[in-house]
Amino acid sequence: MNTLLTTPRVRLVIKLCAFAVFFAASIANAGTVSVQVVDKTGKPLPDAVVTLLPFNKNIKPVVALPTQATIAQEKMQFVPMVSLVPVGAKITFTNNDSWNHHVRGYSADATQVDVGKSSGFALLLEGKSEGKKSISKDITMDKAGVLGATLLGCFIHGSMRGYIFVSDSPWASKTNSDGWATFVDAPVGPAHVKVWQADQLVELAPTPLEVSSSTTKHVVQLQVIARRARAASTSPAYVY
């Protein structure tokens, strides 16, 4: 056996070359997927959650979903209105208003209506005092039934609405203001696209697509009308 091939430096070079070949092959077998979600009139829908379901499940996205997120109660709104996290993520709720807020979270699935609201979670956050730090409380999205969308509400102010979407797939993204969600370095080959949107009460079947090594564009049209964003309010008497 050639002893030259067994020296530490040569072994390191061989490993680096092997990694370079593997990395180059991965890049060659990856592409960009851009999905636009629109309403029934063709208007872009922001804050929809798009999940890419590639046939090759061994490849993971370069950027993972955040394991921590903060949701503020501010000017009678949940900010952001939709938060996308993986299973087990820690959510911090913060009340930036000067009056008390309640947080109630339960399944947004219309087929699983919890009349008694015995599941989910509930928090009470006192209003922020002038010159003091906002009150915050944490929850962890790790209990049974957290997958999918959790509807957020406030018993004190009935107009407030928000969502937490818990994904068991790393290939999930939220649409921007133009309705686009983009996946970089997605595995080339057959895949399906699944879309969740707050006003789409009937779950849609995943749609197939073929991911190419360049850019693959796909449009999903929902049978809903885009809602006008609710105006912020600096008064607790806005809507009860």
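FYI, it's all coordinate maths here, none of it is from the lab. Bear in mind the structure is a predicted one, so any value in this text is a computation, not a measurement. So basically every Cβ, Gly included, is an ideal-geometry build from the backbone, and we count neighbours across all protein chains shown.
For the range 135-229, the share of alpha carbon pairs falling in successive 5 Å distance bins from zero is 2, 9, 16, 21, 19, 14, 10, 5, 3, 1, 0 percent. Of all beta bridges that DSSP places with both ends in the range 31-221, some 70 percent have antiparallel geometry. Counting every other Cβ atom within 10 Å of each residue's Cβ, ASP142, ASP47, ASP185 order from fewest to most as ASP142, ASP185, ASP47.
Across the range 79-95, coupling constants 3J(HN,Hα) worked out from phi with the 6.51/-1.76/1.60 Karplus curve, θ = phi - 60°, read 10, x, 5, 10, 10, 10, 9, x, 4, x, 5, 9, 10, 9, 9, 10, 9 Hz, and Gly and Pro carry x. Computed over the Cα atoms of the range 66-215, the ratio of the radius of gyration to the Kirkwood radius (Rg/Rh) comes to 1.02. With 22 Å as the limit on Cα-Cα distance, the pairs of LYS57/LYS174; LYS90/LYS174; LYS90/LYS194; LYS90/LYS132; LYS128/LYS174 that go past it are LYS90/LYS194; LYS90/LYS132; LYS128/LYS174.
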